[in-house]
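*Asks:* Starting off with a structure, shown below.
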Amino acid sequence: MASIDRHTASSTHYASHRIVIVGGGVGGLGLATRLGESLGKSGQARIVLVDRSPTHFWKPLLHEAASGQIDPATHQLQYAVQARRHGFEFEQGSLQSLDRAQRRITIGATRDADGREVLPERDIAFDTLVLAMGSVTNYFGVQGAAEHALPLESVTHAESFRRKLLDACTRANHARRVSGAQHVQPVSINIIGAGATGVELAAALRDSIRLMHRYSLFALDPERDFCIRLIEGTDRVLPALSQRISARAQRILGGLGVDVLTNTRITEVREAAVRTHDGKQLASDIAIWTAGIAGPPVLRTLDGIEVNRNAQVLVSRTLQTTTDANVFALGDCAACPSHADGFLAPRAQVAHQQAMFLARALKCRVGGETLPEFTYRDAGTLVGFGDVGTIGSLSGLRERPVFVDGWFATVVYRLIYRRHVMTLTGFARMTLDTASHWLRRRVHPVIRLH
């Protein structure tokens, strides 16, 4: 193992306070960027971002990548470039362990495609540690789910799903040509979990299938030869949102030809079928699990850091962990108390607000001031249905959340991503990025066909 590498070896050239952020998602990268600008460039602190991947991708776009409607490579941001521009450092590797007494973490070695070591296992010292590691799929112990149901956590998973979809279409298309039959066994896609991710993926897939038919890629009927099931264990889709939004979403999905199964629990996932709680077997060419999340398993092993049953780190209203005031957590991997009973839901806007809060709070910590407490302000929720539009609610306009749909909701939905890009890169680069994507959609096919 490498010694405390350059983060300690060259510490005499930097401010003494070292802030290490593990995880480069919405919260982690946003925090590193802001702290780099405010503390890193001025020399008040040294900011280090750690992530196992070399690039950042905004997870709410994963359903569009999985359905082939965007090329994820054009939406990725390189951590090393971001670090250079905004006054922080980047180290690639996965968190392996934490030594709270010595105030250091160990990150694992990185390897190339052939398994050869590129970077060795390393130790990184810290004065303040921020865990922003996001979440992993929670299969709830369902038999065969981890083996046969894809998660949707990363670009790699989205690309795997897209390839499986194209392969399933190719097989069905070949079967029709060989048999000469007008009807073949439909391509069956089972989306398990009807939260926002599952609902948006189901709608995006219907759009993508129609686009593939438009380009005559397959001789398959987009309605008859595809079965998209959205399976939910509770009594309605989008169970975390209002009844009005849920009912409207179910009507839209029905109009798109999505088979919605509520009050249906999956008890087993097999290679070619999924089994429900009442013994039914549903044919399955592809199964994808969007039914729940948990904290990364490594969080259960971090030197006494307290976690809940879903492996989320328990934090106070200052976002400090309950067992160590030098360790903070934010985003999906944190169980942050809400003003009502319970904890804040794992949502991108929670992670964003927590990152903005910690950007201010850690400046207070470096300056020796008292830490403020985090207050979450719900801005509402929007759910996209592709060409059909967007529905949801917005908060802050009136005393109660306001239901929105139509063009206004769609514009706000698209601006959320642009705001994220602007937070990371600034207005000028965001504008150029928006223009490049607009031009790309007019030069290239609007669906990835290979």
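We did not get these values from a lab; they are worked out from the coordinates using the rules stated. Keep in mind that this is a model prediction, so the values were computed, not measured. We place every Cβ from the backbone using ideal geometry, glycine too, and count neighbours over all the protein chains shown.
*Asks:* Compute the distance from the alpha-carbon center of segment 427-450 to that of segment 254-269, in whole Å.
*Replies:* Here the two parts' Cα centres lie 34 Å apart.
*Asks:* Among L61, L217, L319, which one shows the biggest mean-square fluctuation in a GNM of the chain, springs joining Cα atoms closer than 10 Å?
*Replies:* Judging by the Gaussian network model, the answer is L217.
*Asks:* Relative contact order of segment 31-152, please, whole-number percent, based on alpha carbon pairs below 8 angstrom and at least 6 residues apart. If you can, show how the numbers build up before the last one.
*Replies:* Numbers: 149 pairs, mean separation 24.1, N = 122.
Value for segment 31-152: 20 percent.
*Asks:* Let me ask something else about it. In whole Hz, what ³J(HN,Hα) sequence does segment 410-419 give by Karplus (6.51, -1.76, 1.60; θ = phi - 60°), x for Gly and Pro?
*Replies:* My calculation for segment 410-419 gives 5, 5, 4, 4, 6, 6, 4, 5, 5, 5 Hz in order.
*Asks:* Which one is right for this structure if Cα Rg over 2.2 N^0.38 Å is calculated from it: (i) 1.02; (ii) 1.10; (iii) 0.98?
*Replies:* Computed from the coordinates, Cα Rg over 2.2 N^0.38 Å corresponds to (i).
*Asks:* Need the list of lysines near K59 for cross-linking: C-alpha distance under 21 angstrom, and skip anything on the same chain fewer than eight residues off.
*Replies:* Of all the lysines, those that pass the test against K59 - Cα under 21 Å, at least 8 places apart if same chain - are K164.
*Asks:* Quick one: F357, F226, F403, fewest Cβ neighbours within 10 Å first, how do they rank?
*Replies:* Values: F357 21, F226 24, F403 15.
Least to most surrounded, the residues fall as F403, F357, F226.
*Asks:* Using modelled backbone amide H atoms (1.01 Å from N, in-plane), which distant-in-sequence or interchain residues come within less than 5 Å of F226's amide H?
*Replies:* When sequence neighbours closer than 5 places are left aside, the close amide H contacts are V187.
*Asks:* I would also like to ask the following. Would you pull out the residues with amide H under 5 Å of S97's amide H, same chain only if 5 or more places away, H placed 1.01 Å from N?
*Replies:* Amide H neighbours of S97: T106.
*Asks:* With θ taken as phi - 60° and the coefficients 6.51, -1.76 and 1.60, list the Karplus ³J(HN,Hα) couplings across segment 425-440 in order, rounded to whole Hz; mark glycine and proline as x.
*Replies:* 10, x, 5, 5, 5, 4, 4, 5, 4, 4, 5, 5, 5, 4, 5, 4
*Asks:* Same structure again: Distance between the C-alpha centers of segment 24-49 and segment 51-104? Whole Å please.
*Replies:* The two parts, judged by their Cα centres, are 14 Å apart.
*Asks:* Something else: Could you work out the local net charge near D332, counting Lys and Arg as +1, Asp and Glu as -1, over the other residues with Cβ closer than 12 Å to its Cβ? Please report the intermediate quantities before stating the final value.
*Replies:* Values: positive: K59, R347; negative: E153.
So the surrounding residues net to +1.
*Asks:* Continuing with this model, one more query. Over the Cα atoms of segment 380-443, Rg to Rh with Kirkwood Rh, two decimal places?
*Replies:* 1.06
*Asks:* Against the longest alpha carbon principal axis of the chain, how many degrees, from 0 to 90 and to the nearest 10, is the axis of helix 155-179 turned?
*Replies:* Tilt of helix 155-179: around 10 degrees.
*Asks:* Can you list the lysines whose alpha carbon sits under 25 Å from that of K41, skipping same-chain ones fewer than 8 residues off?
*Replies:* K363
*Asks:* How large is the helix-only mean residue ellipticity at 222 nm for the chain, computed as the sum of -39500 (n - 2.57) over DSSP H runs with n ≥ 4, divided by its residue count, in deg cm²/dmol to the nearest 500?
*Replies:* Taken over the chain, the calculation gives -10500 deg cm²/dmol.
*Asks:* Next up: How much of the DSSP bridge set in the chain is antiparallel, in percent, rounded to the nearest 5?
*Replies:* On the way: 33 of 66 bridges.
Percent antiparallel among DSSP bridges in the chain is about 50.
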